[in-house]
Amino acid sequence: MEELKTFIRNIPDFPKKGIVFRDITTLIGNKEKFCLVVDKLAARYREKNVEYIVSVESRGFIFGAALSYAIGAGLVLVRKKGKLPADTYEVSYDLEYGKDTLEIHKDAFPKGAKVLLLDDLLATGGTTAAAIGLVEKLGGKIVEAAFVIELEFLKGRDKIKGVPVFSLVKYDKE
């Protein structure tokens, strides 16, 4: 969906020098393009019997909520440590400079549930790999990992081998 690139703002040197941040606020602020993204994803997953969409904070929630409604699936939130109020499973993962931890409620979905993992961006794959680990702890069956944007040059797919990946917009260079 190359046409969507014109609605994604590029912010050079954010959050640090040498990085080009792909800002989706301009995409979600355009009602036609936001609806197009949700409609394209819904068309792909409507017939796959997805029971739950697992979305990662925070921008993944935007697309996860809309797609959950569009296909009639439950929405499960994956958040950073300490943000969920009930009993959770957690997975820590490496960042470029340090570690982070993601959590999911222990009762988010039943064992064997068909799950779509959805986030706004696939970069290095660390966050996605951690979210996959959480889904697997609950015994979910991952249908696919879906993204609005994929930064192919960062090779995030390499960290999530064994899980099918779909992305609408791909960037092959910074």
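FYI, it's all coordinate maths here, none of it is from the lab. Predicted model only: the values in this text are computed from it and were never measured. Here the Cβ is made from the backbone with ideal geometry for all residues, glycine too, and neighbour counts use every protein chain on show.
Here are a few things to note about the model shown:
- Each of PHE147, PHE166, PHE109 has some number of other Cβ atoms within 10 Å of its Cβ, and from fewest to most they run PHE166, PHE109, PHE147.
- Residues whose amide H falls under 5 Å from that of ILE142, counting only those 5 or more places apart or on a different chain, are VAL115, with hydrogens built in the peptide plane.
- In plain terms, the residue of TYR89, TYR171 with the fewest other Cβ atoms within 10 Å comes first and the most crowded comes last, giving TYR89, TYR171.
- Estimated vicinal HN-Hα couplings, Hz - the range 12-28 in sequence order (Karplus 6.51, -1.76, 1.60; Gly, Pro = x): x, 6, 9, x, 8, 4, x, 9, 9, 7, 8, 8, 8, 4, 6, 6, 6
- With R₀ set to 22 Å, the beta-carbon distance separating LYS173 from CYS35 gives a calculated FRET efficiency near 0.15.
- Karplus 3J(HN,Hα) series, Hz, for the range 49-55 with 6.51 cos²θ - 1.76 cosθ + 1.60 (x for Gly, Pro): 6, 5, 8, 9, 9, 9, 10
- Put simply, when 120-132, 153-165, 67-79 are sorted by average Cβ atoms within 10 angstrom per residue, most first, you get 120-132, 67-79, 153-165.
- Expressed to the nearest 5 percent, the antiparallel share of DSSP beta bridges inside the range 2-171 is 40 percent.
- For the chain, calculated [θ]222 nm from helices alone, where every DSSP H run of n ≥ 4 adds -39500 (n - 2.57): -7500 deg cm²/dmol
- Long-range HN-HN contacts of GLU150 with modeled amide H, under 5 Å: LEU122, VAL169, LYS170, TYR171
- The modelled label-to-label distance between TYR69 and MET1, using points 7 Å beyond Cα along the C-beta direction, is 1.6 nm.
- Pairwise inverse Cα distances across the range 64-128, averaged and inverted, put the Kirkwood hydrodynamic radius at 13.4 Å.
- For percent of Cα pairs over 20 Å apart, the value calculated from this model appears in [x] 51; [y] 55; [z] 46 under label [x].
- The HN-Hα couplings worked out from phi for the range 158-164 by the Karplus form 6.51 cos²θ - 1.76 cosθ + 1.60 (θ = phi - 60°) are 4, 7, 10, 4, x, 10, x Hz, whole numbers, x standing for Gly and Pro.
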